[in-house]
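Trainee: Below you'll find the structure I mean.
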Amino acid sequence: MLLHKHLTPELKSRLERLTTRNGWTLRRAIQSGLDHEDSQMGVYAGDSETYALFSPLLHPIIRDHSGYDLDGHPSDFSLEGLPQEALDPSGEFILSTRIRVGRNLARYAFPPAIGARARAELEAEVVQVLSGLKGELAGEYHPLASLSEVQRRAWVEQHFLFKPGDRFLDSAGVNRDWPRNRGIFHSTDMRFIVWVGEEDALRIISMQSGSGLAEAFHRLKSALDVLGEQLDFARDSRLGYHTACPTNLGTAMRASVLIRLPRLSRRPDFHARCARLGLAVRGLHGEHSDAEDGIHDISNATRLGVTERDIYRQLWTGIRQLISLETRSGILNDTRRGN
Ligand code: ADP
Ligand code: ARG
């Protein structure tokens, strides 16, 4: 765990004395790592100030995790000159495409540290802005507490809604006052979704069935343009967008496909092969879930020190290659069988 690697006894006694304006302390920042030995990082930020005040611990952890030297995080949403056709027009491999970004508001503590009253205020402010969205982004907001259990489960199962009870988030304080003042905004066609009050104040999501990565990207970009004009997102020029978990800093973007690769994914080097393409593998129901029927969630591994355009290109190229390997291994198997 990166926390253990970088928190020396000297640093601990130096940082133990510090508290951010929102009451975030070293102890609160590292609680999740102390509770869960299987954490990769083990730290959470309670607000933007955390990244400055606790930088002697957080910057080395962030550098180590991202391989980026914190010398200026770039942003570029243009797709000019990149391939924009569907990755899998026949729909043989890719079931769906999703791109999300995390955002927090500069004026508020982040979900690990926010108090009940501020969480309610933040929700009201965000919902007011979301209610003004027009065209394909227009939709409605459902507080989590207002959903029937049947509806809630169905949306989780359909990949639209977050799950409750993540143990890492629990230790970080994110699940306090659950389920109050959390919720989901969605457009009528469910292609544009915003989670309010999960791990980050906002998770802004563009998703659709099939392999239209460019379409999902353009939709997300137009939503971010409108929302960014009305909401003051927490960010700085070195770390990019500030997120509760430092693994999401930078673009805070995870672009993924749900893809069926039954032959390739059986090979022992599948994860290593994806890693060499800059891709991370999750299961059918997101983080900490397992693959089913050879279906995996494959996304960009890096969010910091790269642009949104880089992420798009890396996913597009990497997935194209995985599909070609899957197809070739099918042909090879058939040839060996003498077909
Ligand atoms: P996050 O992506 O917000 O970090 P998770 O990995 O837990 O969090 O994923 C959240 C939800 O999004 C899960 O239900 C997951 O299956 C779903 N999801 C991720 N990628 C896709 C995709 N390409 N198509 C459909 N659903 C997806
Ligand atoms: N705290 C967890 C760890 O350090 C988070 C890993 C990234 N996942 C996330 N949902 N932010 O392993």
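The values are calculated or read from the model by the stated rules, or taken from the named source; none is laboratory data. Not measured: the values here are computed from a predicted model. Neighbour counts run over all protein chains shown; Cβ positions are idealised from the backbone, glycine included.
Trainee: Can you name the condition, by its number, that Pro246 falls short on among (1) more than 10 Å from ligand 1 (Cβ to nearest atom); (2) more than 30 Å from Ala172 (Cβ to Cβ)?
Mentor: (2)
Trainee: While we're on this one: Within segment 85-181, which helices (runs of 4 or more DSSP H) (wholly inside it) include 2 or more residues that are farther than 25 Å from Tyr241 by Cβ and within 16 Å of ligand 1 (Cβ to nearest atom)?
Mentor: Numbers: elements: 116-131, 149-157, 167-172.
Where helices (runs of 4 or more DSSP H) fall fully within segment 85-181 and carry at least 2 residues being farther than 25 Å from Tyr241 by Cβ and within 16 Å of ligand 1 (Cβ to nearest atom), they are 149-157.
Trainee: If I ask for residues that are of a type outside the set (Phe, Trp, Tyr) and either crowded, with 16+ Cβ neighbours inside 10 Å or under 18 Å from Gln128 (Cα atoms) (or both), which ones from segment 146-155 would you list?
Mentor: As a first pass, look at segment 146-155 and keep what is of a type outside the set (Phe, Trp, Tyr): 146-154.
Once the filter is applied, which keeps residues that are of a type outside the set (Phe, Trp, Tyr) and either crowded, with 16+ Cβ neighbours inside 10 Å or under 18 Å from Gln128 (Cα atoms) (or both), segment 146-155 yields Ser146, Leu147, Arg152.
Trainee: Please verify whether Glu308 is more than 15 Å from ligand 1 (Cβ to nearest atom) and under 14 Å from the mean Cα position of the chain (by Cα), treating the condition exactly as stated. Explain how you work it out, then say what you get.
Mentor: Numbers: more than 15 Å from ligand 1 (Cβ to nearest atom): yes; under 14 Å from the mean Cα position of the chain (by Cα): yes.
Yes, satisfied.
Trainee: Looking at segment 282-296, which of its residues are within 21 Å of His65 (Cα to Cα) and not in a loop (DSSP other than H, G, I, E, B)? Give the steps one after another, and end with the answer.
Mentor: Initial filter on segment 282-296 (within 21 Å of His65 (Cα to Cα)): 282, 286-288.
Scanning segment 282-296 gives Arg282, Gly286.
Trainee: Right, something else. Looking at segment 94-108, is at least one residue surrounded by fewer than 15 Cβ atoms within 10 Å (Cβ to Cβ) and of a type in the set (S, T, N, Q)?
Mentor: Step one: filter segment 94-108 for residues surrounded by fewer than 15 Cβ atoms within 10 Å (Cβ to Cβ), giving 106-107.
The next check asks that each one be of a type in the set (S, T, N, Q); those that pass are none.
Checked against the condition, which is being surrounded by fewer than 15 Cβ atoms within 10 Å (Cβ to Cβ) and of a type in the set (S, T, N, Q), segment 94-108 yields no hits at all.
Trainee: Continuing with the same structure: Go over the candidates Ile114, Ile99 one by one and state the one that is out of contact with any Asp or Glu (no Cβ under 8 Å at 6 or more places or on another chain) and either farther than 30 Å from Pro262 by Cα or among the small types (Gly, Ala, Ser) (or both).
Mentor: Working: Ile99 fails: either farther than 30 Å from Pro262 by Cα or among the small types (Gly, Ala, Ser) (or both).
None of the others qualify; the one that does is Ile114.
Trainee: Could you tell me how many of the residues in segment 208-240 are part of a strand (DSSP E or B) and either touching a helix residue (DSSP H, G or I) at 6+ places or on another chain (Cβ under 8 Å) or under 20 Å from Phe185 (Cα atoms) (or both)? Give the steps one after another, and end with the answer.
Mentor: If we filter segment 208-240 for residues that are part of a strand (DSSP E or B), which is where we start, we get 208-209, 233, 235-236, 240.
Within this subset, residues satisfying the condition of being either touching a helix residue (DSSP H, G or I) at 6+ places or on another chain (Cβ under 8 Å) or under 20 Å from Phe185 (Cα atoms) (or both) are 208-209, 233, 236.
Looking only at that region, the number is 4.
Trainee: So Ser171 passes all but one of these: (1) crowded, with 19+ Cβ neighbours inside 10 Å; (2) touching a helix residue (DSSP H, G or I) at 6+ places or on another chain (Cβ under 8 Å); (3) within 26 Å of Gln314 (Cβ to Cβ). Which condition number does it fail?
Mentor: Only one criterion is unmet by Ser171, namely (3).
Trainee: Tell me yes or no: at least one residue of segment 204-226 is touching a residue at least 40 places away in the same chain (Cβ under 8 Å), within 16 Å of ligand 2 (Cβ to nearest atom) and within 22 Å of Ser39 (Cβ to Cβ).
Mentor: No, there is no match, as no residue in segment 204-226 is touching a residue at least 40 places away in the same chain (Cβ under 8 Å), within 16 Å of ligand 2 (Cβ to nearest atom) and within 22 Å of Ser39 (Cβ to Cβ).
Trainee: Something else about it: Residues to consider are Ser39, Ser48; find the one that is more than 16 Å from ligand 1 (Cβ to nearest atom), hydroxyl-bearing (Ser, Thr, Tyr) and under 20 Å from the mean Cα position of the chain (by Cα).
Mentor: On the way: Ser39 fails: more than 16 Å from ligand 1 (Cβ to nearest atom).
Only one candidate qualifies: Ser48.
Trainee: Which condition number does Pro56 fail, the rest of (1) away from ligand 2 (no atom under 14 Å from the Cβ); (2) over 18 Å from His242 (Cα atoms) being met?
Mentor: Going through (1) away from ligand 2 (no atom under 14 Å from the Cβ); (2) over 18 Å from His242 (Cα atoms) one by one, Pro56 breaks only (2).
Trainee: Could you check His4 against (1) within 16 Å of ligand 2 (Cβ to nearest atom); (2) buried (at least 18 other Cβ atoms within 10 Å of the Cβ) and say which number it fails?
Mentor: Failing condition for His4: (2).
Trainee: Related question: Taking into account only those residues within segment 13-33 that are more than 20 Å from Ala118 (Cβ to Cβ) and out of contact with any helix residue (DSSP H, G or I) (no Cβ under 8 Å at 6 or more places or on another chain), which is nearest to ligand 2 (Cβ to nearest atom)?
Mentor: Arg27
Trainee: Out of all the residues in segment 275-294, which are farther than 14 Å from Val257 by Cα and either within 16 Å of ligand 2 (Cβ to nearest atom) or aliphatic (A, V, I, L, M) (or both)?
Mentor: Ala275, Leu277, His288, Ser289
Trainee: Being small (Gly, Ala, Ser), more than 16 Å from ligand 2 (Cβ to nearest atom) and at pLDDT 95 or above is the filter here; which residues of segment 256-274 pass it? Talk me through it step by step, then tell me what you get.
Mentor: First, the residues of segment 256-274 that are small (Gly, Ala, Ser): 256, 265, 272.
Still in the running and more than 16 Å from ligand 2 (Cβ to nearest atom): 265, 272.
Residue satisfying the conditions is Ala272 alone.
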